[in-house]
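Take a look at the structure set out below.
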Amino acid sequence: MNIFLQSTVIFFLSVLAAIGFSYYKKIPLFPKNLEIFLYSKKYPEIKFIDSEKLFNLLKKNEVFLIDAREKDEYVKGHIDGAINFPYSEFYSNPLKFVDKIDTQRKIVVYCEGGFCELSFKVSEILKELGLKDLMIYIGGFDDWKRKNYPIERNF
Amino acid sequence: MTGKERIIPLREIFKKHNLYLLILLEIFLGLLFVYSGYIKLKNIHEFALTVAKYGILPSYFINLFSLTVPFLELFSGIFLIFGILKKGAYLVLIKLIFIFTLAITYAFVSGRIFECGCFEIFGKEEEIGIYSIFRNLIIFLLLLYGIRFRKK
């Protein structure tokens, strides 16, 4: 058997094994929302919210929205009504920020989107500090902008 | 004895030593890739997340790719150790390590540092860096060395 045929055999064997493994472990080969699927496996205790629900909650003033990105990114543009908790500062002194949180409302954290993990890191700390009713807007600022929801800029 | 007669046995000894070296190299590379494939399968969601963070593949293919790669490593590693479809196993691993190195270099150059999804050593994932690129290049050269001798 020549080298290319051999490698093709190995390739097909691997694809078959992958399909079998995905069936056995109940892993969808083509999930609808990959980000939510993968992050819900990594952080099983965290709840997620989509842009439509977030927009409705913001309209009713039922949500305290945290932007976990750095200050310079926040200034360039953020979701209307979001408060900036830059992760680098928040990490070193979370108590300085926690006092600002309105615990009567639901807390939603977001970052850039596209597999940025700052929102998860911030919410992990908030959870350790005893805050409940936390949610992550996984689409982040990229998704919000793309869907033309209101944004705010501070120049 | 003529000079010519002395050279022939020396060459034979050299060939024999090279063969032992090659077998040792194949066992080493085989075990390395079996381990790498096993670790990826053990933490398949983490690996898929790492693949997604590279931002190279469309999200639609990430799960299929992340599930196939560990089996490619696992089968090629086993075949390399046991001498089955050996040349094909070399070719698969060369292609894989080439793609991995390009992806790591791309992420490193674009300044996105996260776990590289390569090997987990003592339970710790390594971050993308010069070290991971350099390590991959060495593995790539070892694979090229192996396939060169197996092709003869």
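What the table below lists for this structure:
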{"read-out": "Residues that are touching a residue at least 40 places away in the same chain (Cβ under 8 Å) and either under 16 Å from residue A:15 (Cα atoms) or charged (D, E, K, R) (or both), drawn from the range B:47-67", "value": "B:53"}
{"read-out": "Residue list for the range A:91-113, filter: over 17 Å from residue A:64 (Cβ atoms), out of contact with any helix residue (DSSP H, G or I) (no Cβ under 6 Å at 6 or more places or on another chain) and surrounded by 14 or more Cβ atoms within 10 Å (Cβ to Cβ)", "value": "none"}
{"read-out": "Residue in the range B:97-108 that is touching a strand residue (DSSP E or B) at 6+ places or on another chain (Cβ under 9 Å), in contact (Cβ under 8 Å) with a residue 40 or more places away in the chain and within 23 Å of residue A:139 (Cα to Cα) present", "value": "yes"}
{"read-out": "Failed item, numbered, when residue B:140 is tested on (1) modelled with pLDDT of 90 or more; (2) over 9 Å from the mean Cα position of the chain (by Cα)", "value": "(2)"}
{"read-out": "Checklist (1) within 21 Å of residue B:25 (Cα to Cα); (2) not in a loop (DSSP other than H, G, I, E, B) applied to residue B:61, failing item", "value": "(1)"}
{"read-out": "Number of positions in the range A:34-46 that are within 9 Å of chain B (Cβ to nearest Cβ) and not charged (D, E, K, R)", "value": "4"}
{"read-out": "Filter result for the condition that a residue is in contact with a Lys or Arg (Cβ under 7 Å, 6 or more places away or on another chain) and either part of a helix (DSSP H, G or I) or more than 30 Å from residue A:131 (Cα to Cα) (or both), over A:29, A:57, A:5, A:16", "value": "A:57"}
{"read-out": "Residue selected from the range A:9-27 under the condition surrounded by 16 or more Cβ atoms within 10 Å (Cβ to Cβ) and either hydroxyl-bearing (Ser, Thr, Tyr) or touching a residue at least 12 places away in the same chain (Cβ under 8 Å) (or both), by the criterion nearest to the other protein chains (Cβ to nearest Cβ)", "value": "A:14"}
{"read-out": "Selection within the range A:97-137 - among the hydrophobic types (A, V, I, L, M, F, W, C) and touching a Gly at 6+ places or on another chain (Cβ under 7 Å)", "value": "A:111, A:116"}
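Residue-wise test of (1) at the interface with another protein chain (Cβ under 10 Å from one of its Cβ atoms); (2) over 18 Å from the mean Cα position of the chain (by Cα); (3) surrounded by 14 or more Cβ atoms within 10 Å (Cβ to Cβ); (4) more than 15 Å from residue B:99 (Cβ to Cβ).
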site: B:19; (1), (2), (3), (4): no, yes, no, yes
site: B:23; (1), (2), (3), (4): no, no, no, yes
site: B:30; (1), (2), (3), (4): no, no, yes, yes
site: B:34; (1), (2), (3), (4): no, no, yes, yes
site: B:39; (1), (2), (3), (4): no, no, yes, yes
site: B:53; (1), (2), (3), (4): yes, yes, yes, yes
site: B:60; (1), (2), (3), (4): yes, yes, no, yes
site: B:67; (1), (2), (3), (4): yes, no, yes, yes
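The values are calculated or read from the model by the stated rules, or taken from the named source; none is laboratory data. Remember, it's a predicted structure, so these values are computed and weren't measured experimentally. Backbone-built Cβ (ideal geometry, glycine too); neighbour counts: all protein chains shown.
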